[in-house]
Structure formats: structure tokens, C-alpha cells
Amino acid sequence: MIMVIKNIKYLSKKLPDFNKAHWLLRIPLAIVFIQQGITKLPITSEGAEAFGLPYFVWFFVAWSELFAGIGLLIGGLIEKHWVSDIITRFSGIVMVGIVSGVIITSEPETFLDVLLHDNLHVFLYVIGLFFVLKGNRVS
């Protein structure tokens with residue numbers, strides 16, 4: 001048993017460190033938000049009414065989705081600068097806010113309902129929160 005653990009430890013040390021793994025989260029999250037923002041264009045009052053939202057909120061959400069996705073990509077491309085860290089964190093907090101609004105407007109009966117039946121929004125929320133908390137300090 002000790003030899004197995006030593007072999008696993010040795011193998012673990014030999015595996016390369018992938019410093020750009022944050023892109024595996026960043027790209028799909030950005031694509032989802034950019035796509036959702038684009039589908040709301042052109043912004044119309046009919047689109048807002050379909051979701052029971054005021055036009056101003058619909059306008060704000062559409063552009064926020066689009067620019068949060070773009071910001072997440074730009075924040076990752078500009079490395080080693082404090083501005084890119086702020087852009088990443090701001091994009092993440094906008095995403096968390098949008099997903100929170102989506103979950104709240106769906107009026108779930110319990111928090112457990114959200115966890116069990118709204119997996120996509122939970123994942124979007126958690127990944128957005130990851131970028132809020134870590135920014136570009138993810139390596």
C-alpha cells in the first residue's frame with residue numbers, strides 16, 4: 001500500500017502545471033453571456049413584457065450580459081495588470097447579479113428547488129462568483 005501511495009505521489013509531481021486552466025471556465029461562461037445578450041437585440045418592449053420586466057431592466061440586462069461576457073474575455077487577455085483584474089472581477093459580479101435576478105424571478109419555492117432543478121443557473125452563478133473572488137489571480 002505504501003508503494004502505491006509513493007507511486008501516485010511521484011506521478012502527481014511529474015504532471016505538468018497548466019497555468020491557463022482558467023480559460024476552461026472563462027470561455028464557455030463568456031460565450032453563454034454574450035450569446036444571451038445578443039439574442040435580446042434589438043431590445044424591444046415586447047421582449048421585456050414577455051419576461052414580465054420593465055423596459056429599463058430589460059435594456060440593462062441585455063447590455064450587461066453582452067459586456068460582461070466581453071469583459072471576462074478581455075480581462076483574461078490582458079495579463080499581469082491591475083486593470084484586467086478589476087475588469088474580470090467586475091464582469092463576474094455583473095454575471096452573479098444577472099443570474100441572481102434570473103433565479104429570483106423564476107420564484108422557486110425553496111433554495112433546494114434551485115439546487116436540484118436549476119443546475120445551469122447554479123453553475124453560472126458559481127463560476128461567476130469564482131471570478132469575482134479570484135479575479136485574474138487564478139494560476
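Computed from the coordinates by the stated procedures, all read-outs in this text should not be read as laboratory data. No experiment lies behind these values; they were computed from the predicted model shown. Ideal geometry is used to build each Cβ from the backbone, glycine not excepted, and the neighbour counts take in all protein chains shown.
Here are the numbers:
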item: Matching option when the condition is within 23 Å of F51 (Cα to Cα) and of a type outside the set (D, E), among V138, V102; result: V102
item: Contacts under 7 angstrom Cβ, first residue in region 60-79 being closer than 20 Å to N136 by Cβ and touching a residue at least 60 places away in the same chain (Cβ under 8 Å), partner among the aliphatic types (A, V, I, L, M) and part of a helix (DSSP H, G or I), 6 or more apart; result: G75/I87
item: When residues of region 1-25 are limited to those that are in a helix (DSSP H, G or I) and under 29 Å from F123 (Cα atoms), the one farthest from the chain's Cα centre (by Cα); result: S12
item: Count of residues meeting criterion [part of a helix (DSSP H, G or I) and hydroxyl-bearing (S, T, Y)] in region 111-139; result: 1
